[in-house]
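**Student:** So that we are looking at the same thing, I have put the structure below in structure tokens.
The values are calculated or read from the model by the stated rules, or taken from the named source; none is laboratory data. All values derive from a computational prediction rather than experimental measurement. Cβ coordinates were reconstructed from backbone atoms using ideal geometry, including for glycine residues, and neighbour counts include every protein chain displayed. Note: areas computed on protein heavy atoms with side chains; ligands, DNA, RNA excluded. Shrake-Rupley method; radii C 1.70, N 1.55, O 1.52, S 1.80 Å.
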Amino acid sequence: MFERIKRYLSPPDSKYNTRQIMVWLWDAWKGNRLQAFLNASIGLLSVVVSLSAVWAIQNAIDIAAGAKQGSIYFAVGIMGLLVLCNFALNISSVWIKNILGIRAQNRMQQRLLDRILRSEWQSKEKRHSGDVINRLEEDVKAVINFLTEVLPNSVSTLTLFIGAFIYLYSLDKVLSIIIIVMLPLAAGLSRIYVQKMRQLSREVRKSDSKVQSVLTETIQNRMLIKIMESDDAMVGKLEDTQSELRQNVVKRTWFSVIANFILNFGFSLGYLVAFLWSAIRLSNHTLTFGGMTAFLQLVNRVQGPAKNLTHLIPQFVSVFTAAERLMELEENPLEEQGRPVYVKAPCGVRLEHVSYAYEEGGNVIEDLSFDFKPGSCTAILGETGAGKTTLVRMILALMKPQKGKVLLYNDRDSRQLSPLMRCNFVYVPQGNTLLSGTIRDNLKLGKLDATDEEMEEALRISCADFVMKLPEGLSTVCSESGGGLSEGQAQRIAIARALLRDRSIMLFDEATSALDPDTEKRLLQNILEKQNKTVIFITHRPAVIDYCTQSLKIDKI
């Protein structure tokens with residue numbers, strides 16, 4: 001039986017088995033149990049109010065029709081009180097959903113983002129950034145909604161179903177059994193619905209990620225697209241991916257409409273049978289008008305929860321798709337975790353017979369040995385594709401050499417480089433690496449507690465003191481990728497950010513490529529003035545090479 005349930009919930013092409021997904025969902029639910037408990041409590045209270053309302057309406061109608069004695073005002077007052085209780089419960093439910101719900105989504109997004117940032121760096125990303133963002137938004141929302149609302153609400157739904165059935169059974173045993181007998185048929189139809197809907201939902205989510213990927217990539221590269229006059233081509237590409245999404249949504253919608261029509265037709269037929277049965281009893285004077293009203297309301301309260309319960313398994317299976325997509329984001333192994341390992345300055349980097357080759361090509365670096373001595377200034381030279389970037393990634397412990405060793409050392413100690421030693425490095429990558437926000441915000445990425453005076457000094461050394469002449473100074477707002485600044489200005493601010501980090505070894509990857517010769521010369525003089533750092537330049541610029549004490553030329557293999 002358990003194996004049949006596993007096959008039912010997990011399609012053949014699923015990457016994870018049922019147990020793995022259930023364990024992941026259980027772990028995700030741990031931090032959201034308060035919200036789930038509150039939703040379940042409100043749901044159970046709503047069941048009590050709902051069934052009490054059935055009795056209150058029956059009581060009021062029977063009093064008004066003279067079938068029983070009592071005050072009609074008091075009876076209507078009870079109905080009004082129950083209406084107010086229902087309003088209060090609805091307001092509480094909305095408040096919990098909107099306030100605690102967004103917090104739960106935020107927590108899961110933070111956890112997943114932290115996991116992504118702490119995982120091992122991949123030279124070739126498996127997934128488009130747009131796809132990752134789509135998963136962090138839509139799939140997180142689906143999982144949180146299921147764990148904090150769908151599951152807790154199913155408790156109250158099941159309670160309402162049992163309570164309404166018992167109430168209905170007390171009024172008419174035969175009809176209550178007839179209604180129950182019809183439910184296995186609905187459950188059988190839901191199984192067919194589940195299997196097909198799982199496949200269609202995965203296709204929709206996949207095509208939705210494609211649309212977001214195209215949008216993200218187009219916005220990020222809109223300047224290039226404008227220059228290449230490829231506006232129509234990119235809009236056309238978006239239309240193609242959107243068309244694929246629409247087709248998948250149409251397929252899923254048609255199947256859902258047909259399946260729901262069949263299911264609702266069965267429930268409607270059951271309601272008509274109940275109505276006919278109660279009408280016959282009413283005409284035979286074996287049921288009061290208030291009893292008939294209560295009778296029909298109870299049928300609704302049996303059928304409604306039954307319908308929701310038949311949808312629970314499809315919802316359960318549907319959330320598996322979202323959980324799988326989020327679990328895939330956690331597939332990359334974590335980097336070595338622990339306290340940062342600082343090596344006393346001055347320190348250097350030594351390569352001992354280092355080799356590295358990518359899967360899709362031959363060796364990039366082969367049997368390379370070199371010593372970036374403490375306090376030295378080195379220029380790394382080589383044509384495109386020779387392996388300069390790969391070498392930098394190994395020095396920064398983003399990649400491990402497949403052969404040989406990368407050592408971090410000083411005059412007393414020598415250790416094999418690991419991610420925990422990245423704290424000894426400063427890195428200025430090629431191109432514009434500023435984030436949206438103020439210049440102050442960007443600089444504080446180098447040192448969170450930096451004072452304005454420290455920032456101004458770093459800007460001066462990096463020849464970026466033009467910032468202090470701007471109307472807003474450090475509070476000047478930059479748009480995405482340093483929008484509003486020239487490439488040279490953005491580059492100098494990025495160097496100032498690195499200087500604020502103030503670590504023993506500094507790596508500059510073509511970091512002066514956007515500077516004019518005079519500014520470049522002043523910048524190099526300022527950086528190398530104290531000669532207390534180990535500096536490594538990846539460069540083609542003759543001016544930079546002239547300031548270096550040694551050079552490493554990497555030949556393309």
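**Student:** Take the alpha carbon gyration tensor of region 511-557, find the square roots of its eigenvalues, order them as a ≥ b ≥ c, and report rounded if a/c is under 1.5; if not, report prolate when a/b exceeds b/c, else oblate.
**Tutor:** Here region 511-557 falls in the oblate category.
**Student:** Excluding C478 itself, what net charge comes from residues whose Cβ is under 14 Å from its Cβ, given Lys and Arg +1 and Asp and Glu -1?
**Tutor:** Taking every Cβ under 14 Å from that of C478, the sum is 0.
**Student:** Right, next: Sorted by accessible area (1.4 Å probe), largest first, how do W95, W277 line up?
**Tutor:** W95, W277
**Student:** Under 5 Å between amide H atoms, partner at least 5 residues away or on a different chain: which partners does M399 have, H built in plane at 1.01 Å?
**Tutor:** Residues meeting the criterion, in which the H sits 1.01 Å from N, are M394.
**Student:** For a test of the definition: using alpha carbon positions, the gyration tensor, and the 1.5 limit on a/c, classify region 342-435 as rounded, prolate or oblate.
**Tutor:** It comes out oblate by the Cα gyration axes.
**Student:** Between E138 and A64, what is the label-to-label distance in nm when each label sits 7 Å out along the Cα-to-Cβ direction?
**Tutor:** With each label placed 7 Å out from Cα toward Cβ, I get 4.9 nm.
**Student:** Moving on to the next point. Please compute the modelled spin-label separation between D367 and F74, points set 7 Å along Cα→Cβ, answer in nm with one decimal.
**Tutor:** 10.3 nm
**Student:** Okay, next question. Straight distance only, please: which lysines reach the Cα of K30 with their own Cα at less than 30 Å, same-chain residues fewer than 8 apart left out?
**Tutor:** The qualifying lysines are K6, K15, K97, K126, K141, K206, K307.
**Student:** Grab the beta carbon distance between L81 and F37, set R0 = 25 Å, and tell me the FRET efficiency rounded to 0.05.
**Tutor:** Once the sixth-power term is evaluated, E becomes 0.45.
**Student:** Here's a follow-up. Where does region 27-143 land on Rg(C-alpha)/(2.2 N^0.38 Å)?
**Tutor:** Against the empirical 2.2 N^0.38 Å value, I get 1.79 for region 27-143.
**Student:** Amide H neighbours of S119 under 5 Å, at least 5 residues apart or on other chains, H built in the peptide plane: list them.
**Tutor:** Result for S119 returns E335.
**Student:** List the residues, sorted by chain then number, that are 5 or more residues from K68 or on another chain and whose placed amide H is less than 5 Å from its amide H.
**Tutor:** I63
**Student:** Rounded, prolate or oblate: pick one for region 318-385, where a ≥ b ≥ c are the square roots of the eigenvalues of its C-alpha gyration tensor, a/c under 1.5 means rounded, and failing that, prolate if a/b is larger than b/c, else oblate.
**Tutor:** oblate
**Student:** Work out how much length V235 to A345 would gain on full extension: take 0.36 nm times their residue separation and subtract the Cα-Cα distance, in nm to one decimal.
**Tutor:** 34.2 nm
**Student:** Would you mind calculating the gained length between R393 and M468 on full extension (0.36 nm times residue separation, minus the Cα-Cα distance), in nm to one decimal?
**Tutor:** Gain in length upon complete extension: 23.6 nm.
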